[in-house]
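Novice: Mind looking over this structure? Questions follow.
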Amino acid sequence: MKLKSRHLLGLEGMTKEELRLILDTAVSFREILDRPIKKVPPLQGKTVVNLFFESSTRTRISFELAERRLSADVVSFSTAASSVSKGETLKDTARNIEAMKIDMVVIRHAAPGSAHFLSRVVDANVINAGDGGHEHPTQGLLDMYTLREKFGSLEGLRVCIVGDITHSRVARSNIYGLTTMGAKVSVCGPETLIPREIERLGVKVYHHLEDVIPEVDVLNVLRIQLERQKSGLFPSLREYHRFFGVTKEKVSRAPKPITIMHPGPINRDVELSADLADGEHSVILQQVTNGVAVRMAVLYLLGT
């Protein structure tokens with residue numbers, strides 16, 4: 001079986017079979033990461049360009065590692081040191097790079113839909129590494145992989161995404177992917193940070209964390225996206241932490257241990273307490289490791 005599209009632009013509309021194919025392929029690549037020699041040859045001779053128009057640490061490094069583990073030639077693009085700073089458009093940047101005979105493009109951009117636009121103007125495979133507040137498909141996939149690794153199946157798993165849902169591309173990709181795989185997904189946050197009519201995506205909405213904790217197996221805690229908010233949508237960070245910060249005291253009221261996730265970077269002791277982030281039920285570092293394997297799987301399936 002192959003993926004239906006030659007690009008990975010989002011998880012919306014992907015079938016259960018396609019998602020399972022990526023996750024199953026990632027299992028093989030996860031094993032490679034534990035070997036003394038972590039390099040395999042599937043993308044030897046292929047050139048991948050990483051176009052990161054937004055700041056990134058985990059995603060950019062994870063993609064670069066995945067590409068090099070697959071023996072691709074890697075070119076990483078820096079906006080500050082490029083002609084973008086001189087007014088060059090995304091279309092011209094991409095076409096000029098493609099004229100250098102590249103095979104795949106990984107793009108992160110502040111504009112929603114930028115990855116879709118790029119896929120229409122270049123012949124290379126396009127992978128969306130985050131487009132504004134729209135989607136972040138590989139983060140959604142690595143979250144799903146991490147949960148399947150821990151629980152064995154996503155079917156019926158109760159997952160609540162907590163925090164700034166309105167501005168979160170991670171939330172959207174998780175909702176699309178997890179609901180397709182049969183998980184029961186809910187969201188929790190202030191009314192100002194929950195999109196209207198989000199229930200249409202098949203999720204349940206909570207506005208009180210204490211109502212969520214007894215009902216779920218997993219809390220996926222999101223960072224407050226202050227850089228994407230146009231105005232203050234809650235009184236203060238202290239106020240947010242009081243009502244929606246995930247703390248050891250709050251989760252101790254659950255009938256059984258809750259698995260803690262976070263896509264990073266963490267605002268410690270704002271949306272998530274430090275003791276929980278580093279605690280025995282946290283899978284945050286596993287998410288980072290699994291991200292390399294999942295991105296290797298996506299690159300392999302699109303590039304071979």
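Novice: As a test of the formula, what do you get for the chain when each DSSP H run with n ≥ 4 contributes -39,500 (n - 2.57) and the sum is divided by the residue count, at 222 nm and rounded to the nearest 500 deg cm²/dmol? List each step's numbers first, then the result.
Specialist: Values: 11 runs with 113 residues, N = 304.
After summing the helix terms and dividing by the residues of the chain, the value is -11000 deg cm²/dmol.
Novice: Report the GluC sites (Glu not before Pro) located in region 1-64 that are in a DSSP loop and have at most 13 other Cβ atoms inside 10 Å of their Cβ, or state none.
Specialist: Details: sites: Glu12, Glu17, Glu18, Glu31, Glu54, Glu64; in loops: Glu12, Glu54.
Passing sites in region 1-64 do not exist.
Novice: Mind checking region 83-132 for trypsin sites (Lys or Arg not before Pro) that DSSP puts in a loop (not H, G, I, E or B) and that have at most 11 other Cβ atoms within 10 Å?
Specialist: Here the trypsin sites (Lys or Arg not before Pro) that fit, given the DSSP loop and packing criteria, are Lys101.
Novice: Still on this structure, I have one more. Springs between alpha-carbon pairs under 10 angstrom, Gaussian network model over the chain: which of Leu141, Leu201, Leu51 fluctuates most?
Specialist: Ranking Leu141, Leu201, Leu51 by mean-square fluctuation puts Leu201 first.
Novice: Enumerate by residue number the trypsin sites (Lys or Arg not before Pro) in region 142-251 meeting two conditions: DSSP loop (anything except H, G, I, E, B), and at most 11 other Cβ atoms within 10 Å of the site's Cβ.
Specialist: Within region 142-251, the qualifying trypsin sites (Lys or Arg not before Pro) (loop, at most 11 other Cβ atoms within 10 Å) are Arg196, Lys230.
Novice: Let me ask something additional. Based on the Cβ-Cβ distance from Glu17 to Leu201, what FRET efficiency comes out when R0 is 25 Å, to the nearest 0.05?
Specialist: Values: r = 20 Å, r/R0 = 0.82.
E between Glu17 and Leu201, to the nearest 0.05, is 0.75.
Novice: Just one of (1) 20.7, 61; (2) 19.1, 58; (3) 25.4, 78 is Rg and Dmax of the Cα atoms in Å as worked out from the coordinates here. Which one is it?
Specialist: (2)
Novice: Helix 169-180 versus the longest principal axis of the chain: what angle, 0 to 90°, nearest 10, using Cα atoms?
Specialist: 80
Novice: Grab region 11-146 and count how many Lys pairs have their alpha-carbon atoms under 24 Å apart, sequence gap of 8 or more, or different chains.
Specialist: Going through region 11-146 pair by pair, I get 6.
Novice: Please work out how much length the chain gains when fully extended from Ser236 to Arg268, using 0.36 nm per residue of separation minus the C-alpha to C-alpha distance, in nm with one decimal.
Specialist: 10.0 nm
Values quoted throughout were computed directly from the atomic coordinates according to the rules given, and no laboratory measurement underlies them. Computed from a predicted structure; not experimentally measured. Cβ coordinates were reconstructed from backbone atoms using ideal geometry, including for glycine residues, and neighbour counts include every protein chain displayed.
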